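Please treat every number below as a calculation from the coordinates, not as lab data. Quick caveat, the model's predicted, so the values are computed rather than measured. Neighbour counts are summed over all protein chains in view; Cβ atoms, including those assigned to glycine, are modelled from backbone coordinates with ideal geometry.
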Amino acid sequence: NNQQTRKDEL
Amino acid sequence: MNIFRLFGDLSHLAAIIILLLKIWKSRSCAGISGKSQILFAIVFTTRYLDLLTSFISLYNTSMKMIYIGCSYATVYLIYAKFRATYDGNHDSFRVEFLIVPVGGLAVLINHDFSLLEILWTFSIYLESVAILPQLFMISKTGEAETITTHYLFCQGLYRALYLINWIWRFYFEGFFDMIAIVAGVVQTILYCDFFYLYVTKVLKGKKLSLPA
């Protein structure tokens, strides 16, 4: 999901 | 993870380490804005609170811990160990003018009205302007040491690479995050003027000094 993808970034 | 993202992270890491080593080797933090470094420490702390709640990957966790650790080490060197060399008179940017509006914006415009999300959003907004005290200090003194300009270049390059990363992810993964993108564009724009000086002066072997 979008939130998980986003949190992958630093 | 695409190559732009990876090199963005590495460029960010290089910036942090260049600054830390510069201060450590020269035993001096002259010309470095302690305020910008405190802001970056706040940025990392508020953004990486998810270290406590979720595990994404070993890479993700270790990079986050390195960023946090190095940013606190930098603040410690500036305000404690080499405090005598800190140029506080020239580091006169009023950070409350950044923190207060950025905090307000994070409460107003976020993905989800929860503490962790608001703090994450706050860190994104704050990061986009955290370099301003440093740029302000350079504009005040009219010059920067070459190693300091390498630090700034790596910081700016990191942001520019992240922008390309987001374009990539939009095309190939259909993923985009408006908050991160807008803040990232703002942050990159702040470096444009500096990029110009870096290319026209520093890369040609001259010291970065601004016209009086």
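At-a-glance table
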read-out: Members of B:Lys140/B:Lys207; A:Lys7/B:Lys35; A:Lys7/B:Lys64 lying beyond 21 Å, as alpha-carbon distances in this model show; value: A:Lys7/B:Lys35
read-out: Dipole magnitude of the stretch B:8-134, debye to nearest 20 (Cβ charges: Lys/Arg +1, Asp/Glu -1, about Cα centre); value: 600
read-out: Per-residue average of Cβ from other chains inside 10 Å of B:40-48; value: 1
read-out: Virtual paramagnetic centre 7 Å along Cα→Cβ of B:Trp24, amide N under 12 Å, in the stretch B:69-84; value: B:70-71, B:73-74, B:77
read-out: Ranked list, fewest to most other Cβ atoms within 10 Å of each Cβ, for B:Leu105, B:Leu52; value: B:Leu52, B:Leu105
read-out: Relative contact order of chain B, defined on C-alpha pairs under 8 angstrom at six or more residues apart (%); value: 31
read-out: Sites B:Thr61 and B:Met1 - FRET efficiency at Förster radius 22 Å, r taken between beta-carbons, to 0.05; value: 0.95
read-out: Segment B:Phe97-B:Lys140, length gained on full extension (0.36 nm per residue, minus Cα span); value: 13.7 nm
read-out: Sorted by Cβ density within 10 Å, fewest first, the residues B:Ser57, B:Ser209, B:Ser128; value: B:Ser57, B:Ser209, B:Ser128
read-out: Integer Hz, Karplus 6.51/-1.76/1.60 couplings in order for the stretch B:84-97, x for Gly and Pro; value: 4, 9, 6, 8, x, 4, 8, 9, 9, 5, 8, 5, 5, 5
read-out: Span from the the stretch B:1-57 Cα centroid across to the the stretch B:122-168 one, whole angstrom; value: 11
read-out: Cβ crowding within 10 Å averaged over residues, with B:35-42, B:91-98 ranked highest first; value: B:35-42, B:91-98
